[in-house]
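Chemist: The structure under discussion is supplied below as C-alpha cells; questions concerning it will follow.
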Number of protein chains: 2
Amino acid sequence: MNNAWHKEMLAEVKAGGRISDQDIVEKVRRAVLTQRLPPDTKLPEVTLGEVFGVSRSVVRKALTRLASEHVVDQRPNQVARVRAPSIEETRETFEARRLVEGEVAAQLAGRLDAEVMATLETQARLETEAYERGDEPARIEHSLTIHHLLAEHSPNRVLGAMLTDLVLRTSIVIALYKRPSLASCYLENDHPRLLDRLGKGDGEAARACVNDHLHSLEALLDLRPRENSIDLMSILGRTAEQS
Amino acid sequence: MNNAWHKEMLAEVKAGGRISDQDIVEKVRRAVLTQRLPPDTKLPEVTLGEVFGVSRSVVRKALTRLASEHVVDQRPNQVARVRAPSIEETRETFEARRLVEGEVAAQLAGRLDAEVMATLETQARLETEAYERGDEPARIEHSLTIHHLLAEHSPNRVLGAMLTDLVLRTSIVIALYKRPSLASCYLENDHPRLLDRLGKGDGEAARACVNDHLHSLEALLDLRPRENSIDLMSILGRTAEQS
DNA sequence: TGATGGGGAACTGTATACAAAGTGAGGTTG
DNA sequence: CAACCTCACTTTGTATACAGTTCCCCATCA
C-alpha cells in the first residue's frame, strides 16, 4: 500500500460521509489511473477497510468488481494487487479498442445531436487549453471525457459498454508505459478532427480517424521488451551452461 | 426459484464434495443457458446457499461474478434475478459479436495448428450427428465448443475474452427468443464452411462467413416487439382518454 | 370496487469471529 | 555459504449475527 495515498484517502473519507463499495471502486480506479497506486501495489482487505472506514465485506465486494474491470489481480488466498498488464496485453488492448471504438465512431457519425456535439467540442477545447498551460491531469480528464461520451452515446449499448472498459484499460497502460521523456500524450488536432468528421456524418472517415489516433497513441509508448525476472533467469541459466 | 432445479442441484451437491463460488457460477450459468432457470427467476442468497450447502458469503461472491457476466441482475436491496435481455439488447449483442468474432476469425485464418483444426472438425461432425438424431442439448454443446475454441485460440487474448462473453450472451438470448416452432437453431454446413475457410487461410472469407452465420442465426429468432406491461399501460391510458 | 396504508415476513447490507492458507525472517544443516 | 526447514505472523475464506430495507398481504376507507 502507498502511505501518502492512505492519508489522502483518510482525510477525504473523514470529510465525506458514508462509503459504499462502488465509491471504493471509483476511488481505487482513479488512484490507479493517476498512478498514485502503481502496478503491483498490494491492497490488503483490512488495510483498505481501515482507510475507508468499512469492514472487509465491503472491501471484498469492491475488489471483486475491480478484478472484473481488470484493474486489480485477485488470486485465491493471496492479497489483491494492482494489475500490471504485460506489453503483449497492451498491444492487444489497443487493437481491440481500435476495432470497437472505430465501429462506435462509424455508427455515431451524423447521429449525434447538437447538444452532445457541443459538449464534445467544449471538452476538446478544454483539453487543448489544459495542454497549453501544462496541466496534464486536467488534460487527461478532458480527453477521457470525450471518449467516455462517445461510449455512452453509442447507439449500440453493448459495444458502448465494451468501449468504456477498453478506454479504462488503455488509460492504465498509457500511464504505465508512457515514455518518461514525454511530458504528455497529447496529439494535437486529433480530437477536433474526429469531431469534425463525426459532425459531417462520414462514418468511414471517422473510423479511420479513430484508428490513426489510437495507432499514434500506441506509438508514444515504450513497448520494447524489458528484462524481467523470467528473462534474467534464462540468461543466468545460459551463462551457467557456458561456463 | 425453480423447485425441480432445486432438487436436481441438491442431489448433485450431496454426491459431489466441496463447492466453491466458481462452481456455483458455472452451475447457474449452465442452468440459465439450458433454460432450467428461466428469465426473471428470483435467486435469493439464502436459498441458493441451502441448495449448494454453503453460506451467503460464497453465494454473494458467485452472484457478483454472474452479474459481471451479464447472467443475473443484481440491484441494491433486491433479490438477484436471472437477466432477461431486451429485444433491442439482443440485436446489439449479435451486432457486437459479428464485429468481434469476425475479427477473431480473420486473424485466426491459416494460423490454427493441425491439432486444434482436428478438434474443431470433430466438434462440427458431432454437432451434425447430434442434430440428425434430434439431440438438441448435445448439438448446442458441440456448437458452443466450436465458438469457445475460436475465442480461446484467438491470437489477441483481449478480443478472445470479449468473444467468450459475447458467445455466452448470445446463447442466452437464443434460448430466450427462439421461435417456438423451431426444434433447433442448427444451420447446416455453416460450421464446416467456416472451418474450411479458416483452414485455407482466407481471413476475409472467414470473416464474411462468421457474419453470414450470425445474421442467419439472428434471423431464426422472433425479435418482433411484444406487448409488455409498459405497452399495456400506455394502451389502457389511451383507451381511458378516448372514452 | 378500487385505492391506501399498516405491519410482518423475507431478504439484503454490514460487521465480526474463527478457520485455513500463505509469507517471510531466522536459525539449522549439508 | 547457500539451501532448506520451521514457526510465528499476516492475510484471506467462510460462517453467522444483527441491522436496515423492501415486498406483499390484508384490513380499512372513500
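The values are calculated or read from the model by the stated rules, or taken from the named source; none is laboratory data. The structure presented is a predicted model; accordingly, all values stated were derived computationally and were not measured. So basically every Cβ, Gly included, is an ideal-geometry build from the backbone, and we count neighbours across all protein chains shown.
Chemist: Quick check, is B:Glu88 out of contact with any helix residue (DSSP H, G or I) (no Cβ under 7 Å at 6 or more places or on another chain), more than 9 Å from chain A (Cβ to nearest Cβ), free of Cβ contacts under 8 Å to residues at least 60 places away in the same chain and acidic (Asp, Glu)?
Modeler: no
Chemist: When both residues are 6+ apart or on different chains and their Cβ atoms are under 6 Å apart, which pairs have a first residue that lies in region A:41-69 and is farther than 30 Å from B:Met162 by Cβ, and a second that is more than 9 Å from DNA strand C (Cβ to nearest atom) and of a type in the set (Val, Ile, Thr)?
Modeler: So the pair list comes out as A:Phe52/A:Val13; A:Phe52/A:Ile24; A:Gly53/A:Val13.
Chemist: Give the residues of region B:73-85 that are within 16 Å of DNA strand C (Cβ to nearest atom) and within 10 Å of another protein chain (Cβ to nearest Cβ), sorted by residue number.
Modeler: B:Pro76
Chemist: Follow-up. Quick check on B:Arg125: is it charged (D, E, K, R), crowded, with 16+ Cβ neighbours inside 10 Å and either within 14 Å of chain A (Cβ to nearest Cβ) or in a helix (DSSP H, G or I) (or both)?
Modeler: Criteria not met by B:Arg125.
Chemist: Collect the residues in region A:106-147 that are of a type in the set (D, E, K, R) and over 22 Å from the mean Cα position of the chain (by Cα), keeping them in residue-number order. Don't jump to the end; show me each part of the working.
Modeler: In the first step, residues of region A:106-147 are kept if they are of a type in the set (D, E, K, R); the result is A:111, A:113, A:115, A:121, A:125, A:127, A:129, A:132-133, A:135-136, A:139, A:141.
Passing the criteria: A:Arg111, A:Asp113, A:Glu115, A:Glu132, A:Arg133.
Chemist: Let me confirm something: among A:Glu69, A:Glu95, which residue is surrounded by fewer than 21 Cβ atoms within 10 Å (Cβ to Cβ), within 11 Å of chain B (Cβ to nearest Cβ) and over 30 Å from A:Lys200 (Cβ atoms)?
Modeler: Just one listed residue meets the conditions, A:Glu69.
Chemist: For region B:48-65, what are the residues that are within 11 Å of another protein chain (Cβ to nearest Cβ) and crowded, with 20+ Cβ neighbours inside 10 Å?
Modeler: B:Arg60, B:Ala62, B:Leu63, B:Thr64, B:Arg65
Chemist: Another question, then. Suppose we keep only residues that are of a type in the set (S, T, N, Q) and under 21 Å from the mean Cα position of the chain (by Cα) within region A:49-72. Which one would you say is farthest from DNA strand C (Cβ to nearest atom)? Even if it seems obvious, please write down each step before you answer.
Modeler: Here is the first cut: in region A:49-72, the ones of a type in the set (S, T, N, Q) are A:55, A:57, A:64, A:68.
Subset that is under 21 Å from the mean Cα position of the chain (by Cα): A:64, A:68.
Numbers: A:Thr64: 12, A:Ser68: 16 Å.
Among residues in region A:49-72 that are of a type in the set (S, T, N, Q) and under 21 Å from the mean Cα position of the chain (by Cα), the one farthest from DNA strand C (Cβ to nearest atom) is A:Ser68.
Chemist: Of B:Val46, B:Val28, which residue is more than 13 Å from the chain's Cα centre (by Cα) and either within 14 Å of DNA strand C (Cβ to nearest atom) or modelled with pLDDT under 90 (or both)?
Modeler: Result: B:Val46 is the single residue among B:Val46, B:Val28 that is more than 13 Å from the chain's Cα centre (by Cα) and either within 14 Å of DNA strand C (Cβ to nearest atom) or modelled with pLDDT under 90 (or both).
Chemist: Any chance you could count how many residues in region B:113-122 are in a helix (DSSP H, G or I) and without any contact (Cβ under 8 Å) to a residue 60 or more places away in the chain?
Modeler: Initially, region B:113-122 is screened for residues in a helix (DSSP H, G or I), giving B:114-122.
Add one more test, that the residue is without any contact (Cβ under 8 Å) to a residue 60 or more places away in the chain, and what stays is B:114-116, B:118-119, B:122.
Going through region B:113-122 one residue at a time, the tally reaches 6.
Chemist: Considering every residue within region B:135-152, establish whether at least one is touching a residue at least 12 places away in the same chain (Cβ under 8 Å), surrounded by fewer than 19 Cβ atoms within 10 Å (Cβ to Cβ) and within 20 Å of A:Glu95 (Cα to Cα).
Modeler: yes
Chemist: Could you check region B:183-229 and list, in sequence order, the residues that are assigned to a helix (DSSP H, G or I) and over 20 Å from B:Phe94 (Cβ atoms)?
Modeler: Those that are assigned to a helix (DSSP H, G or I) and over 20 Å from B:Phe94 (Cβ atoms): B:Pro192, B:Leu195, B:Asp196, B:Arg197, B:Leu198, B:Gly199, B:Lys200, B:Gly203, B:Glu204, B:Ala205, B:Ser229.
Chemist: Here is a further query. Determine the pairs where a residue that is more than 9 Å from chain B (Cβ to nearest Cβ), located within region A:98-111, has a partner that is of a type in the set (Val, Ile, Thr) and buried (at least 23 other Cβ atoms within 10 Å of the Cβ) with Cβ atoms under 6 Å apart, the partner being 6 or more residues away or on another chain.
Modeler: A:Glu101/A:Val210; A:Gly102/A:Val210; A:Ala105/A:Val210
Chemist: Separate question: Name the single residue that is surrounded by the most Cβ atoms within 10 Å (Cβ to Cβ) among those in region B:162-174 being facing another protein chain (nearest Cβ under 9 Å) and out of contact with any Asp or Glu (no Cβ under 8 Å at 6 or more places or on another chain).
Modeler: It comes out as B:Met162.
Chemist: For region A:75-92, what are the residues that are touching a strand residue (DSSP E or B) at 6+ places or on another chain (Cβ under 8 Å) and either part of a loop (DSSP other than H, G, I, E, B) or near DNA strand D (Cβ under 10 Å from one of its atoms) (or both)?
Modeler: Answer for region A:75-92, where residues must be touching a strand residue (DSSP E or B) at 6+ places or on another chain (Cβ under 8 Å) and either part of a loop (DSSP other than H, G, I, E, B) or near DNA strand D (Cβ under 10 Å from one of its atoms) (or both): A:Val79, A:Ala80, A:Arg81, A:Arg83.
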